[in-house]
């Protein structure tokens, strides 16, 4: 069975592909579908945005699509940047500009008050029987570091401190991150319901496998 990862964020797609190793699936990325443009994330929750992306890619490809919508929630900022994490510093945001803005907003906040969490919601849409869907959520609690540390990962990884390890997400090896992250937690939750999801789909013979 083939699944399309509905993301052009190569770091995110690589993480999802690695986590899908526990499933008996063949993974395709959006590189296989250059004709599909950016998908507007118009939802107000992670769940809404994940479903928008999964449904759109499934409709345009006729294949099962998996999408992740994720972000960083910082307690001192009232849960921001949240669903706006990717464009926190504006429509042309980069990882660097987002991290710089986050540090500026957290200036003067003591370490004990820098609690944060990563949230991931994974949506799967299968274009069968009018559309079968599966949603799973995971989170990863930590703190915002005082400065960027580490070279791995993407997004806010250099600023997200795993308190138990005393390391930022960007200081972890990919296999370490994939054992602890919000995305891994969401995938574990999804795995619990995956067998039932497959049975409910009753895949027809003409659906790509």
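Do you know which of the residues in the range 50-76 that are in contact with a helix residue (DSSP H, G or I) (Cβ under 9 Å, 6 or more places away or on another chain) and surrounded by fewer than 17 Cβ atoms within 10 Å (Cβ to Cβ) is farthest from residue 1 (Cα to Cα)? So the residue we want is 76. Here residue 95 does not qualify as surrounded by fewer than 21 Cβ atoms within 10 Å (Cβ to Cβ), free of Cβ contacts under 8 Å to residues at least 40 places away in the same chain and on the phi < 0 side of the Ramachandran plot. Summed over the range 168-177, the residues that are surrounded by 17 or more Cβ atoms within 10 Å (Cβ to Cβ) and either in contact with a strand residue (DSSP E or B) (Cβ under 7 Å, 6 or more places away or on another chain) or within 24 Å of residue 66 (Cβ to Cβ) (or both) give a count of 4.
Checking the range 155-167 against the condition returns no match, with no residue being more than 20 Å from residue 179 (Cα to Cα) and over 20 Å from the mean Cα position of the chain (by Cα).
A short reminder: the numbers here are calculations on the coordinates, not readings from a lab. Everything numeric in this text was worked out from a predicted model, so none of it was measured. Cβ coordinates were reconstructed from backbone atoms using ideal geometry, including for glycine residues, and neighbour counts include every protein chain displayed.
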